[in-house]
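The values are calculated or read from the model by the stated rules, or taken from the named source; none is laboratory data. The structure presented is a predicted model; accordingly, all values stated were derived computationally and were not measured. Every residue, glycine as well, gets a Cβ built from its backbone with ideal geometry; the counts of neighbours run over all protein chains shown.
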Amino acid sequence: MGVRIFSRWGGAALLLAAAACTAGPDPDDPYEATNRSIHEFNKAVDRNALRPVSDVYATAVPRPARTGVSNAVSNIGEPVAFINHTLQGDFDDAGATFFRFAVNTVFGFAGLLDVATDAGIFERETDFGETLAVWGVPPGAYLEVPFFGPSTERDLFGTAVNIGINPTTYLLGGQESLALVGAQAADILNQRQEFGAIIDALFYESADSYTAAKIAYLQNRAQATAADGISEDILEDPYAFE
Amino acid sequence: MHSNELSRRTLLGAVAALAVAPQLARAATTDQAVSFVNQIVGELMQIVRSSQSQSAALRQFEQMFDRYGDVPVIARSVLGQPWNSMSGGQQSAFVTAFRGYVANKYGSQFREFQDAQVQVTGAKDFGERGLVVSSRVSYAGSSPVAVDWQVSDRSGSLKMFNVLIEGVSMLTTERSEIRALLAQNGNNVDALIADLQRRGA
């Protein structure tokens with residue numbers, strides 16, 4: 001109940017802020033021209049750096065080791081997911097996330113092994129952008145962010161808060177946080193490898209990769225907060241063709 | 001005694017008929033949609049797990065898409081307005097080319113699903129927007145992927161007209177793709193058809 005009252009006011013304030021920002025020629029994508037050039041930049045980063053370096057990483061480091069590093073990075077992110085699930089009033093996912101963190105930290109050697117997933121308790125990914133969505137904050141304009149890729153005004157703000165509320169940011173010392181940055185970079189290289197076929201198809205085989213990425217991002221985000229995982233706005237009736 | 005038994009049976013039958021009647025009056029039921037998607041998934045996994053060549057699998061996949069998918073409705077919907085100014089011959093050529101293009105594009109990713117388990121979890125009626133059957137595709141050691149099937153019987157029998165993977169609609173995605181291809185082909189539908197034929201070959 002407290003969350004709901006807060007959401008109404010927080011949502012209204014941010015809605016006004018978002019409305020002020022989104023006044024532009026195309027209400028669906030007011031920053032399209034800028035977004036498209038950033039998209040080309042991101043593709044160039046992928047083509048010239050991320051993909052080739054990821055290939056080197058995959059060749060040099062065997063898969064179990066890569067998965068271990070990625071598991072550890074995911075595990076360090078669980079407390080933030082726990083905070084967000086709680087803020088969303090989703091105590092089911094908050095409980096599962098807490099359980100995963102405890103089990104993987106204790107029995108999975110500080111998260112190197114994802115024993116919780118092996119037991120059927122899957123990661124419930126979330127972030128502060130999703131929390132804002134649950135609170136009723138509209139996404140605002142679509143944005144392509146250099147190096148980060150697709151986002152929205154709401155989600156970019158959410159990403160910043162998400163980084164800010166991570167307890168490990170404050171608990172780790174200088175050398176440890178440097179190690180964490182390294183592990184996070186390795187995790188990105190591994191993800192580029194694991195989702196390679198999908199990313200290649202989206203970036204290099206789409207006739208309009210900017211729009212393909214935008215649709216995929218926006219519809220996937222809408223689904224994440226929809227009841228039963230089905231966003232009614234996305235369902236269409238192709239039989240009503242004129 | 002005998003007639004008494006009969007009348008009781010008649011009565012039971014009437015009650016059963018009453019219970020069934022509202023479902024018959026409505027179009028397809030969620031139960032029908034679930035078994036329809038189960039049938040699609042079963043055949044799909046058979047193709048995916050078979051040891052046949054990629055080209056043979058793609059041919060089978062295209063036949064499946066033709067049989068279970070409402071291909072003309074999907075094709076017309078993703079093309080949009082240009083459909084209306086096409087001749088009947090162009091329209092049917094477009095539908096055939098689109099079918100091959102889709103089968104090739106999505107079918108060629110199929111080996112990725114070889115070790116997957118697909119579980120149909122339920123269905124929900126969205127009225128004019130058809131029935132949505134939900135399924136989970138799971139792999140050992142990773143989170144399951146949500147795949148939703150949008151089906152309808154408005155073309156006469158139950159047909160699948162959209163698939164949503166983790167919320168991402170194939171209708172929306174392909175509409176953007178086909179429009180971009182049309183623009184690349186100088187807004188010439190015959191050139192678009194030839195392009196799709198090449199991509200589906």
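Tell me which residues, restricted to the stretch B:71-101, are hydrophobic (A, V, I, L, M, F, W, C) and outside any helix (DSSP H, G or I). Can you show your working first?
Applying the first criterion (hydrophobic (A, V, I, L, M, F, W, C)) to the stretch B:71-101 yields B:71, B:73-75, B:78-79, B:83, B:86, B:93-95, B:97-98.
Across the stretch B:71-101, the qualifying residue is only B:Met86.
Do we find a residue being within 11 Å of chain A (Cβ to nearest Cβ), at pLDDT below 95 and more than 18 Å from the chain's Cα centre (by Cα) anywhere in the stretch B:153-163? Checked against the condition, which is being within 11 Å of chain A (Cβ to nearest Cβ), at pLDDT below 95 and more than 18 Å from the chain's Cα centre (by Cα), the stretch B:153-163 yields no hits at all. Quick check: is even one residue across the stretch A:150-163 surrounded by fewer than 14 Cβ atoms within 10 Å (Cβ to Cβ), modelled with pLDDT under 95 and of a type outside the set (S, T, N, Q)? The answer is yes, given that some residue of the stretch A:150-163 is surrounded by fewer than 14 Cβ atoms within 10 Å (Cβ to Cβ), modelled with pLDDT under 95 and of a type outside the set (S, T, N, Q).
Flag not set for A:Arg192, criterion: within 11 Å of chain B (Cβ to nearest Cβ), in a helix (DSSP H, G or I) and of a type outside the set (A, V, I, L, M, F, W, C).
In this structure, is A:Ala60 within 26 Å of A:Ser177 (Cβ to Cβ), out of contact with any Phe, Trp or Tyr (no Cβ under 9 Å at 6 or more places or on another chain), exposed (fewer than 15 other Cβ atoms within 10 Å of the Cβ) and among the small types (Gly, Ala, Ser)? So A:Ala60 passes the test. Quick check, is A:Ile230 at the interface with another protein chain (Cβ under 7 Å from one of its Cβ atoms), farther than 24 Å from B:Gln81 by Cβ, surrounded by 19 or more Cβ atoms within 10 Å (Cβ to Cβ) and of a type in the set (A, V, I, L, M, F, W, C)? In short, yes. Quick one: is A:Asn162 touching a Lys or Arg at 6+ places or on another chain (Cβ under 7 Å), closer than 19 Å to A:Glu78 by Cβ and either within 14 Å of chain B (Cβ to nearest Cβ) or part of a helix (DSSP H, G or I) (or both)? Spelling it out, it is not the case that A:Asn162 is touching a Lys or Arg at 6+ places or on another chain (Cβ under 7 Å), closer than 19 Å to A:Glu78 by Cβ and either within 14 Å of chain B (Cβ to nearest Cβ) or part of a helix (DSSP H, G or I) (or both).
This table checks each residue for (1) among the hydroxyl-bearing types (Ser, Thr, Tyr); (2) touching a residue at least 12 places away in the same chain (Cβ under 8 Å); (3) closer than 15 Å to B:Thr121 by Cβ.
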position: B:Trp149; (1), (2), (3): no, yes, yes
position: B:Asp153; (1), (2), (3): no, yes, no
position: B:Leu158; (1), (2), (3): no, yes, no
position: B:Leu164; (1), (2), (3): no, yes, yes
position: B:Leu181; (1), (2), (3): no, yes, no
position: B:Gln184; (1), (2), (3): no, no, no
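Each residue in the stretch B:116-146 was checked for being touching an Asp or Glu at 6+ places or on another chain (Cβ under 8 Å), closer than 21 Å to A:Tyr217 by Cα and more than 9 Å from chain A (Cβ to nearest Cβ), and 2 of them qualify. Annotation: of all residues in the stretch B:73-95 being touching a residue at least 60 places away in the same chain (Cβ under 8 Å) and under 15 Å from the mean Cα position of the chain (by Cα), the one that is farthest from the other protein chains (Cβ to nearest Cβ) is B:Val78.
Residue by residue, here is whether (1) modelled with pLDDT of 95 or more; (2) in contact with a Leu (Cβ under 7 Å, 6 or more places away or on another chain); (3) buried (at least 16 other Cβ atoms within 10 Å of the Cβ) holds:
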{"residue": "B:Arg49", "(1), (2), (3)": "no, no, no"}
{"residue": "B:Gln54", "(1), (2), (3)": "no, no, no"}
{"residue": "B:Leu58", "(1), (2), (3)": "no, no, yes"}
{"residue": "B:Val71", "(1), (2), (3)": "yes, no, yes"}
{"residue": "B:Ala75", "(1), (2), (3)": "yes, no, yes"}
{"residue": "B:Gly88", "(1), (2), (3)": "yes, no, no"}
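Taking the conditions (1) without any contact (Cβ under 8 Å) to a residue 12 or more places away in the chain; (2) more than 28 Å from A:Ile198 (Cα to Cα); (3) within 14 Å of another protein chain (Cβ to nearest Cβ) in turn, A:Phe91 satisfies each one other than (3). Within the stretch A:151-177, the set of residues being within 25 Å of A:Arg51 (Cβ to Cβ) and touching a Leu at 6+ places or on another chain (Cβ under 9 Å) comprises A:Ser151, A:Asp155, A:Leu156.
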